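Single-structure report; data block below.
The values are calculated or read from the model by the stated rules, or taken from the named source; none is laboratory data. In this text, all values refer to a predicted model and were calculated from it rather than measured experimentally. Neighbour counts are summed over all protein chains in view; Cβ atoms, including those assigned to glycine, are modelled from backbone coordinates with ideal geometry.
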There are 2 protein chains.
Amino acid sequence: MEDRGFDVQGFARDIHELLVLATLRDEAKHGYQIALDVETDSNGLFRFRHGTLYPILHRLEDEGLVRGSWSKGGGRRKKVYVLTGAGRRHLSGETTRVGEIVSRLMELLRRPGEVPA
Amino acid sequence: MEDRGFDVQGFARDIHELLVLATLRDEAKHGYQIALDVETDSNGLFRFRHGTLYPILHRLEDEGLVRGSWSKGGGRRKKVYVLTGAGRRHLSGETTRVGEIVSRLMELLRRPGEVPA
DNA sequence: GCCATACATATCGTCAGTCGATATATAGAG
DNA sequence: CTCTATATATCGACTGACGATATGTATGGC
């Protein structure tokens, strides 16, 4: 089992994508709000620069994991994103997968040295 | 506490570096062996392409976390790496730090949606 | 009414780092 | 003697984050 190798580069990208999907789990939000919420929810540990956030949002939209629509209500123009069914499944599946990977990683890193006699 | 933000790019790099340092924890090894061991120990989940491994090894050497020396024994020429004191401290400290980050990450990803009534 | 600031989205150039390919060389097997 | 596995190294292409820059709108202070 566990045949597909592990792609470090894709892993870093996934973290960003999953943080976005997770914050959209309960309610639709526009980009700027996503950035603020992720930062707040993680006590400042995770944060998005806008030069990073918007490309990710566009990518997620292209992949059909979120759907964006311009809110025309009498405020500032905002593009509001909602999680699609595929997005919800992706979040769930990838969260499990990432959880397994990090658990294996930490296991390797924390494995105590063969106790020196 | 926990002020320094989280750098996704550096995180991916750290994973590779820590895997190398971890496999050197108990015994000195040369590069090729490191790649084989990491792959074996992780059941093929983590693996190094040699185009990735050697630059990492050189970087770790530059940073003083490992020390490499050419073995002149009557075999194939090998550059054997040993973990330095700084390397051991780095492994320990960064493992803790990475552990905290992933634990916070999984917490955010797994946080169940506000339970729908 | 005017201006500064915060909100809001978007793109571009740069840089870091992985990845695949390529190069070089030696030991051991058949 | 050739082929494969071992062993290290580097280069070019690609990917993706990041900082800077651009554009525009609403809001609050004066």
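Quick grid of which residues meet (1) modelled with pLDDT of 95 or more; (2) near DNA strand D (Cβ under 10 Å from one of its atoms):
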{"residue": "A:G44", "(1), (2)": "no, no"}
{"residue": "A:H50", "(1), (2)": "no, yes"}
{"residue": "A:Y54", "(1), (2)": "yes, yes"}
{"residue": "A:L65", "(1), (2)": "yes, no"}
{"residue": "A:R77", "(1), (2)": "no, yes"}
{"residue": "A:Y81", "(1), (2)": "yes, no"}
{"residue": "A:T84", "(1), (2)": "yes, no"}
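So that you can scan it fast, the table gives a plain yes or no per residue for (1) surrounded by 15 or more Cβ atoms within 10 Å (Cβ to Cβ); (2) within 14 Å of chain B (Cβ to nearest Cβ); (3) small (G, A, S); (4) part of a helix (DSSP H, G or I):
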site	(1), (2), (3), (4)
A:G10	no, yes, yes, yes
A:T52	no, yes, no, yes
A:L60	yes, no, no, yes
A:Y81	yes, no, no, no
A:S92	no, yes, yes, yes
A:T96	no, yes, no, yes
A:E100	no, yes, no, yes
A:S103	no, yes, yes, yes
A:E107	no, yes, no, yes
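In segment B:12-45, what residues are aliphatic (A, V, I, L, M), away from DNA strand C (no atom under 12 Å from the Cβ), in contact (Cβ under 8 Å) with a residue 40 or more places away in the chain and more than 7 Å from every other protein chain (Cβ to nearest Cβ)? I'd like the intermediate steps shown before the answer.
Filtering segment B:12-45 for residues aliphatic (A, V, I, L, M) gives B:12, B:15, B:18-22, B:24, B:28, B:34-36, B:38, B:45.
Those still in the list that are away from DNA strand C (no atom under 12 Å from the Cβ) too: B:21-22, B:24, B:28, B:34, B:36, B:45.
Next, from what is left, pick out any that are in contact (Cβ under 8 Å) with a residue 40 or more places away in the chain: B:21-22, B:24, B:28, B:34.
Once the filter is applied, which keeps residues that are aliphatic (A, V, I, L, M), away from DNA strand C (no atom under 12 Å from the Cβ), in contact (Cβ under 8 Å) with a residue 40 or more places away in the chain and more than 7 Å from every other protein chain (Cβ to nearest Cβ), segment B:12-45 yields B:L21, B:L24, B:A28, B:I34.
Taking segment B:10-25 as the region of interest, how many residues are among the small types (G, A, S) and closer than 15 Å to B:A86 by Cα?
1
Tell me yes or no: at least one residue of segment B:25-37 is crowded, with 18+ Cβ neighbours inside 10 Å and assigned to a loop (DSSP other than H, G, I, E, B).
Taking every residue of segment B:25-37 in turn, none turns out to be crowded, with 18+ Cβ neighbours inside 10 Å and assigned to a loop (DSSP other than H, G, I, E, B).
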